Amino acid sequence: MSLMGRSTSDSIGPLGGLPADSWMSHLPSALWDMPLCNLAIPGSHNTITYCLDKNDRSPVDLAQPDVLQTLDKYMKPLIRPFVYRWAMAQETSVKEQLDCGVRYCDLRIARRPNDSSTHLYFYHGVYTTVTVEAVLKEIREWLDMHPKEVVILSFSHFLELNLDFHNLLIQTIKDVFVSKLCPKTEPITLRNLWQLGYQVIVSYEHNIKNVHNELWSHIPYWWANKCKAEALIEEFEKRRKQQDRPGGFYVTGINLTEDLKYIFSHPTESLKDLVMSTYPVLLEWVKGLCPGSNPGSINIIAGDFVTESHLVPTVIALNEKLLNRI
């Protein structure tokens, strides 16, 4: 893992220097009774894209534009390098991301085409080689070693899942996390979660969540759909002024978005090149944000290549602003 994911600069602030793998348990006790949806929490966008299937026999995912699927079918040797370079949003495993301080995971679930098994995978451009169950077990093992850390798992963007596969996925979630799953209840504070032994909050973007007490509603993800940092910041500032923050958990996604025109006009670049070049501007903006329940406040901030930047300590340090209000 990149050392940048663990290091901080003096300008970030004291809380940004907490041990990354256990920062929640090291927060000042004054924050233990603060609703979790009012804390600043670092997250990763498209969390499971470090293990995309690079076997050319694997199709591009069915959510991709028709033009890309056609080009991939007839010009695979030319198209696939572009797909891989622009689809990978994280380079490190989920365990390394959690070690780095990530506490929100963006999990996009799919069945692979022409797969007769019951395995489910993640996807972004192409499908992953690692199954959903394997990743959830990895998270469970990490939580066993970090009993006072809490993770928020957002299951969304379901691709080719019928009701039977939703039920299978939900049962897998329950079987893996068992008593660590936090039921839909209020208030959610670190102190309450620690006392009850809950470590996993699962949000689920499907109506089936309504019949399962362990599944929370889908967490809103504010997304700017911009490929330049300045345009992303402008979009979010406009939205913050025009629209109150959602109640409960919500995500500000500072992930940049490229389209096919941008990709083909930058043939030698990758998503990482784009993202890393804009992080200095984005993080300066993030430092000016405030967590809390007030209009314009933030909660979860998610980005790409989180272990390669100072995003995580910068977000954790924002919680110092809450201490000044207590």
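The values are calculated or read from the model by the stated rules, or taken from the named source; none is laboratory data. Bear in mind the structure is a predicted one, so any value in this text is a computation, not a measurement. Using ideal geometry, Cβ is built from the backbone for each residue, glycine included, and neighbour counts are taken over all protein chains shown. What goes into the accessible areas is simple: the full protein's heavy atoms, side chains included, and nothing from ligands, DNA or RNA. Shrake-Rupley method; radii C 1.70, N 1.55, O 1.52, S 1.80 Å.
Residue pairs whose Cβ atoms lie under 7 Å apart, separated by 6 or more positions or on different chains, with the first residue in the range 73-95 and within 11 Å of residue 263 (Cα to Cα) and the second assigned to a loop (DSSP other than H, G, I, E, B) and modelled with pLDDT under 85, are 86/258.
The single condition among (1) surrounded by 22 or more Cβ atoms within 10 Å (Cβ to Cβ); (2) without any contact (Cβ under 8 Å) to a residue 40 or more places away in the chain; (3) of a type outside the set (D, E, K, R) that residue 135 does not satisfy is (2). Taking the criterion of being open to solvent by 30 Å² or more (accessible area, probe 1.4 Å) and touching a His at 6+ places or on another chain (Cβ under 6 Å), would at least one residue in the range 104-115 satisfy it? Yes, the range 104-115 contains at least one residue that is open to solvent by 30 Å² or more (accessible area, probe 1.4 Å) and touching a His at 6+ places or on another chain (Cβ under 6 Å).
Taking the conditions (1) closer than 30 Å to residue 184 by Cβ; (2) touching a Cys at 6+ places or on another chain (Cβ under 7 Å); (3) buried (at least 19 other Cβ atoms within 10 Å of the Cβ); (4) not basic (Lys, Arg) in turn, residue 307 satisfies each one other than (1). Look at the range 56-69: where a residue is over 17 Å from residue 158 (Cβ atoms) and a partner is open to solvent by less than 60 Å² (accessible area, probe 1.4 Å) and of a type in the set (D, E, K, R), sitting 6+ places away or on another chain with Cβ atoms under 7 Å, you get 56/76; 56/80; 60/72. Taking the range 252-263 as the search range and keeping residues that are assigned to a helix (DSSP H, G or I) and open to solvent by 30 Å² or more (accessible area, probe 1.4 Å), which one is farthest from residue 106 (Cα to Cα)? Taking the candidates together, the pick is 261. Please count how many residues of the range 273-315 are closer than 16 Å to residue 250 by Cα, in contact with a helix residue (DSSP H, G or I) (Cβ under 8 Å, 6 or more places away or on another chain) and either assigned to a helix (DSSP H, G or I) or of a type in the set (Gly, Ala, Ser) (or both). Number satisfying all stated conditions: 7. Scanning the range 202-237 for residues that are in a strand (DSSP E or B) and in contact (Cβ under 8 Å) with a residue 60 or more places away in the chain yields one hit, 221. Listed by position, the helices (runs of 4 or more DSSP H) enclosed by the range 55-125 that each have at least 1 residues that are modelled with pLDDT of 85 or more are 76-87, 94-100.
Is it the case that the range 232-251 has a residue that's of a type in the set (A, V, I, L, M, F, W, C) and either over 27 Å from residue 320 (Cβ atoms) or open to solvent by 40 Å² or more (accessible area, probe 1.4 Å) (or both)? So far as the range 232-251 goes, no, none of its residues is of a type in the set (A, V, I, L, M, F, W, C) and either over 27 Å from residue 320 (Cβ atoms) or open to solvent by 40 Å² or more (accessible area, probe 1.4 Å) (or both). Of the set (1) within 30 Å of residue 280 (Cβ to Cβ); (2) surrounded by fewer than 18 Cβ atoms within 10 Å (Cβ to Cβ); (3) modelled with pLDDT of 95 or more, all apply to residue 171 but (1).
This table checks each residue for (1) surrounded by 14 or more Cβ atoms within 10 Å (Cβ to Cβ); (2) modelled with pLDDT under 95; (3) in a loop (DSSP other than H, G, I, E, B).
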{"site": "8", "(1), (2), (3)": "yes, yes, yes"}
{"site": "11", "(1), (2), (3)": "no, yes, yes"}
{"site": "27", "(1), (2), (3)": "yes, no, yes"}
{"site": "30", "(1), (2), (3)": "no, no, no"}
{"site": "48", "(1), (2), (3)": "yes, no, yes"}
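Do you know which residues across the range 32-45 are farther than 14 Å from residue 291 by Cβ and open to solvent by 10 Å² or more (accessible area, probe 1.4 Å)? Hits for the range 32-45 are 32, 33, 45. Every test in (1) closer than 17 Å to residue 45 by Cβ; (2) surrounded by fewer than 18 Cβ atoms within 10 Å (Cβ to Cβ) is passed by residue 219 save one, and that test is (2). For residue 254, state whether it is over 19 Å from the mean Cα position of the chain (by Cα) and of a type in the set (A, V, I, L, M). No.
Selection of first residues in the range 140-159 that are on the phi > 0 side of the Ramachandran plot and assigned to a helix (DSSP H, G or I) and of second residues that are modelled with pLDDT of 95 or more and crowded, with 19+ Cβ neighbours inside 10 Å, restricted to Cβ pairs under 9 Å at least 6 apart or on distinct chains, gives an empty result.
Of all residues in the range 192-209, at least one satisfies being surrounded by fewer than 20 Cβ atoms within 10 Å (Cβ to Cβ), of a type in the set (Asp, Glu) and touching a strand residue (DSSP E or B) at 6+ places or on another chain (Cβ under 9 Å).
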